[in-house]
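Working notes for the structure below.
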Amino acid sequence: MTPTAGLSLKAQHLHEALASPAAGLWFEVHAENYMVEGGARLAMLEAAREARPLSLHGVGMSLVGTELPDPVHLAALKRLVDRFEPFLVSEHLAWSRLDRRYFPDLLPFPRTNEALVRICRNIDHVQTVLGRQILIENPSHYMAIAGHEWREQDFLGEIARHTGCGLLLDLNNVAVSGHNMGFDPALWLRSFPAEHVCEIHLAGASEDAALDLLIDSHDRPVSEDVWQLHRRFVERHGPRPTLIERDGTIPTFRMLMRQRNRAADNLRINLKELAYA
Amino acid sequence: MHDLHSFQGQFVSLIDRPEGPLSPLLVYRNTSLNGLTEALADNYPVVCELLGEQLFGALALAFAETMPPVSPVLALYGEGFPDWLAMQPVAGEISYLVDVAHCERAHVEALFAADAQALSTADIAQVPPERLLAMQFALHPAARFGWQATPAIDIWLAHRNPVEGEIVIDWRAAGYLFTRPELESRAQPIDRPAHRLLYGIRLGEVLGHAAAATIRLYPATDIGALFASLVAAGAFMTPIKRN
């Protein structure tokens, strides 16, 4: 089965998700939620993996840092990768750990040459330990950081070329960052190194009216703007496994599948066009 | 230009103390703190119910600031919360609060402990009693038990399985036992003899020693029935370790 459009797997949807006949459906989970020794949660993932391709999405490796990734955390990820054999493993262009303190967030940094070298070394290390390629996701931005020496698109392209990692293009993050930092997402995407993109994320954002910011909250449906970015990207560069990310105010499985099917339709249209070309 | 490490250090001190109510730094601060508050509420749902979301949220923030997590695995976040809670003024107002928190921690640990085959009633049925008494048993990896000055386990169970009408709690000192012989976790109150027997077995006493000590302390105990009930609860692991 070729994975087309996938869904964040939620425990409350497990039975419907396993019973779904949708062609190309796959599941993604946050790796950290399964870094436990045993029990029902791992058994659920086992069942999902037997039924469908699985993607492990990490939120805690803190690849942007002067130290190598936490060996305990990396070993836990390796155990999951070895056991579940995911078709994709991804992480973020961000940091979440400093001097043994962990922040459950994806924090920003100045894209300098120094940062580039350190991040490439860390990704190399993770890929060597895991024995496989990982994907790196573009994060959401909420404030200007001084001292950038690179545009984000070029920075990600350079990382992919140096380390052989793939990229996870989060189109909602592009839309959120575009709103918050004042750039045009469609224009920004034209310089994105599309040839390295191995997965796309779609999600909904919420508004913080007081701060006049969009927040990458994953708690509502994908916006029309983001759907359009998806369609345009696929038309230009071809289909990529695309995930509907949902982490808050979880709707019914049917509601989520409606969005997932729309993503699958976007990918299919392109396949037809490629066939006629 | 500052190097990466000093940028990160400065950024952390900024999100710890953001200036003004309209700083975008608040987005980062709130995401971090909300993530930790939600993780703590997931792991201590009955403490959250007993205190109300508002007070629990304030305590969760204070806990997160005093003891920030050292791991991104939030499924097990809040290990030190019961002991930290014991030092807060609210612990003096609700006598059973900290004991309930200890029960919740034991429950979470039982949920995520390693899988193992539990010793079954059929396993021990084949063994002659004198051989059984000479054997050393290992606790199942998910088994958690303790003794408390309050019936916190009854309060915890009443909140987890709510019934219509007023909750009537038999007020006494009580023990708790959490097990997970299959994928479903089980919780039950235990009495002093059960606690003594489990305690001895955890120390590595052979069953005969643990049983004799239990009967010395609590002569009315039907030790065979007690051991069988603990086996049925899934407290021990197969294979049987021979002494």
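How fast does the protein assembly as shown diffuse by Stokes-Einstein, in µm²/s, taking the Kirkwood radius from C-alpha pairs at 37 °C and 0.692 mPa s?
128
Using 7 Å Cα-to-Cβ label points, what is the A:Val129/B:Arg172 separation (nm, one decimal)?
Between A:Val129 and B:Arg172, the simple spin-label model gives 5.1 nm.
If you take the alpha carbon radius of gyration of the stretch A:30-77 and divide it by 2.2 N^0.38 Å, what ratio comes out, to two decimals?
For the stretch A:30-77, the normalised Cα radius of gyration is 1.33.
Could you work out the Rg to Rh ratio of the stretch B:1-48, with Rh taken as the Kirkwood radius (inverse of the mean 1/r over all Cα pairs)?
1.16
Go ahead and set up a Gaussian network model of chain A, Cα springs under 10 Å, then flag whichever of A:Gln12, A:Gln259, A:Gln127 fluctuates most.
Result for chain A, Cα springs under 10 Å: A:Gln12 fluctuates most.
Rank A:Leu88, A:Leu167, A:Leu74 by mean-square fluctuation in a GNM of chain A with C-alpha springs under 10 angstrom and give only the top-ranked residue.
A:Leu74
Let me have the relative contact order for chain B, percent, based on Cα pairs under 8 Å that are six or more residues apart.
20
For chain A, state the semi-axes of the equivalent ellipsoid (square roots of 5 times the eigenvalues of the alpha-carbon gyration tensor), sorted largest first and rounded to whole angstrom.
Equivalent-ellipsoid dimensions as semi-axes: 26, 24, 19 Å.
Let me see the pair-distance distribution of the stretch A:59-211: every alpha carbon pair, 5 Å bin width, integer percents in order.
Answer for the stretch A:59-211: a P(r) of 2, 9, 18, 23, 21, 15, 8, 4, 1, 0 percent.
Calculate the tail of P(r) for the stretch B:99-228: the fraction of all Cα-Cα distances greater than 17 Å, expressed in %.
63
At 222 nm, what value in deg cm²/dmol follows for chain A if DSSP H runs of at least 4 each add -39500 (n - 2.57) and the sum is divided by all its residues, to the nearest 500?
Computed ellipticity for chain A at 222 nm equals -13500 deg cm²/dmol.
Using every Cα-Cα pair within the stretch B:1-133, state what percent have a distance larger than 27 Å.
Across the stretch B:1-133, Cα pairs with separations above 27 Å total 41 percent.
Using the crude model of +1 on Lys and Arg Cβ and -1 on Asp and Glu Cβ, and no other charge, please compute the dipole size for the stretch B:100-172 relative to its Cα centre, in debye to 20.
Details: 5 positive and 9 negative charges, 45 e Å.
For this selection, approximately 220 debye.
Which percent of Cα-Cα pairs in the stretch A:15-54 sits in each 5 Å bin, short to long?
Answer for the stretch A:15-54: a P(r) of 5, 22, 33, 22, 11, 5, 1 percent.
If the elastic network links every pair of Cα atoms under 10 Å, which of A:His15, A:His179, A:His196 fluctuates the most in the Gaussian network model of chain A?
A:His15
Averaged over its residues, how many other protein chain Cβ atoms are within 10 Å of peptide B:68-79's Cβ atoms?
For this peptide, the per-residue mean of nearby foreign Cβ atoms is 6.
What does the structure give for A:93-102 when I average, per residue, the other chain Cβ atoms found within 10 Å of the residue Cβ?
Mean partner-chain Cβ count within 10 Å for A:93-102: 4.
Quote the Stokes-Einstein diffusion coefficient, in whole µm² s⁻¹, for the stretch B:63-176, based on the Kirkwood radius over alpha carbon pairs, a temperature of 10 °C and a viscosity of 1.306 mPa s.
Taking Rh from Cα pairs, D becomes 93 µm²/s.
Cβ under 12 Å from B:Leu33's Cβ, B:Leu33 left aside: what net charge do those residues give with Lys, Arg +1 and Asp, Glu -1?
Within the 12 Å Cβ shell, the charges total -3.
For the stretch B:161-200, treating each Cα as an identical point scatterer without solvent, what Debye log10 I(q)/I(0) comes out at q = 0.24, 0.29 1/Å?
Scattering profile of the stretch B:161-200, log10 relative to I(0): -0.93, -1.01.
Please give the Cα centre distance for the stretch B:61-107 versus the stretch A:60-84, rounded to the nearest Å.
Here the two parts' Cα centres lie 27 Å apart.
Between A:Arg97 and residues 5 or more places away or on another chain, which pairs have amide H atoms under 5 Å apart, with H built 1.01 Å from N, and which residues are they?
Close amide H contacts, sequence-distant or interchain: A:Phe103.
Scan chain B and report its longest stretch carrying no trypsin sites (Lys or Arg not before Pro) that are both in a DSSP loop and have at most 15 other Cβ atoms within 10 Å.
Result, exposed sites excluded: B:1-171.
Report, in deg cm²/dmol and to the nearest 500, the calculated mean residue ellipticity at 222 nm for chain B, where each DSSP H run with n ≥ 4 adds -39500 (n - 2.57) and the sum is divided by the residue count.
That calculation yields -16000 deg cm²/dmol at 222 nm.
If you count, for every residue in B:24-31, the Cβ atoms of partner chains within 10 Å of its Cβ, what is the mean?
Counting Cβ atoms of other protein chains within 10 Å of each residue's Cβ and averaging gives 6.
Tell me the Rg and the Dmax, in Å, that the Cα atoms of the stretch A:171-255 produce.
Computed over the Cα atoms of the stretch A:171-255, radius of gyration and Dmax are 13.3, 39 Å.
Just want the answer: with Cβ charges of +1 for Lys and Arg and -1 for Asp and Glu, which residue in B:Gly165, B:Thr214, B:Thr121 is farthest toward the dipole's positive end in the stretch B:120-241?
The Cα lying farthest towards the positive end belongs to B:Thr214.
For chain B, what value does the Rg/Rh ratio take when both radii are computed over Cα atoms and Rh is the Kirkwood radius, given to two decimals?
With Rh from the inverse mean 1/r over Cα pairs, Rg/Rh is 1.09.
Just need the relative contact order of the stretch A:198-260 here, percent rounded to a whole number, with Cα pairs under 8 Å and 6+ apart.
Numbers: 82 pairs, mean separation 24.6, N = 63.
It rounds to 39 percent for the stretch A:198-260.
Report relative contact order for chain A in percent, whole number only (criteria: Cα-Cα under 8 Å, sequence separation at least 6).
Taking the mean separation of contacting Cα pairs over the length of chain A, I get 17 percent.
For A:Ala40, what is the net charge nearby, where nearby means another residue's Cβ is under 13 Å from its Cβ and Lys, Arg count +1, Asp, Glu -1?
-2
Computed from the coordinates by the stated procedures, all read-outs in this text should not be read as laboratory data. What you see is a predicted model; the values in this text were computed from it and never measured. Here Cβ is always computed from backbone atoms with ideal geometry, including for glycine, and neighbour counts include all displayed protein chains.
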